[in-house]
Amino acid sequence: MQIKPGSYCPLLKKDCIGIKCAWMTQVKGTHPQTGQDVDEWSCAITWLPLLLIENSQQQRQTGAAVESFRNEMVNGNQVLGLLLAEGAQLEAKP
């Protein structure tokens, strides 16, 4: 069973006036939960849960990318530290 949203606008306290409303917004893209293409007009308030989900997914991906970059930098710095230590030892020998 699919639940259909109503057309009552709590801001106007009457039925939605549709495209005449300044908050009517077109969203194009991919639905973050289903992966289906989205190209719809709806109230900006009704888009908020969808956009919050998408924002959370993007933040997780950004966090993962930053962590991966950090790990690569740590590994690179360890290798560089070992090379510098070996170079210093070679220069110290007579």
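The values are calculated or read from the model by the stated rules, or taken from the named source; none is laboratory data. Just so we're clear, the structure is a prediction, and the values are computed from it rather than from any experiment. With ideal geometry, Cβ positions are generated from the backbone for all residues, glycine too; neighbour counts draw on all protein chains shown.
Tabulated data
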| read-out | value |
| --- | --- |
| Condition met for GLU54 (part of a helix (DSSP H, G or I), out of contact with any Phe, Trp or Tyr (no Cβ under 9 Å at 6 or more places or on another chain), within 30 Å of TYR8 (Cβ to Cβ) and acidic (Asp, Glu)) | yes |
| Test for ILE19: is it in a loop (DSSP other than H, G, I, E, B) and either among the aliphatic types (A, V, I, L, M) or modelled with pLDDT of 90 or more (or both) | no |
| Residue within the range 31-46 that is in contact with a Ser or Thr (Cβ under 9 Å, 6 or more places away or on another chain), charged (D, E, K, R) and at pLDDT 90 or above present | yes |
| Residue under evaluation ALA64, criteria (1) in a helix (DSSP H, G or I); (2) loosely packed, with under 10 Cβ neighbours inside 10 Å; (3) not hydroxyl-bearing (Ser, Thr, Tyr), criterion not met | (2) |
| Top-ranked residue of the range 67-94 - restricted to ones that are charged (D, E, K, R) and part of a helix (DSSP H, G or I), ranked as farthest from PRO32 (Cα to Cα) | GLU91 |
| Members of the range 2-26 that are exposed (fewer than 10 other Cβ atoms within 10 Å of the Cβ) and either touching a Ser or Thr at 6+ places or on another chain (Cβ under 7 Å) or on the phi < 0 side of the Ramachandran plot (or both) | GLN2, ILE3, LYS4, PRO5, GLY6, PRO10, ILE19, LYS20, ALA22 |
| Some residue of the range 27-44 being surrounded by 10 or more Cβ atoms within 10 Å (Cβ to Cβ), part of a helix (DSSP H, G or I), aliphatic (A, V, I, L, M) and in contact (Cβ under 8 Å) with a residue 12 or more places away in the chain | yes |
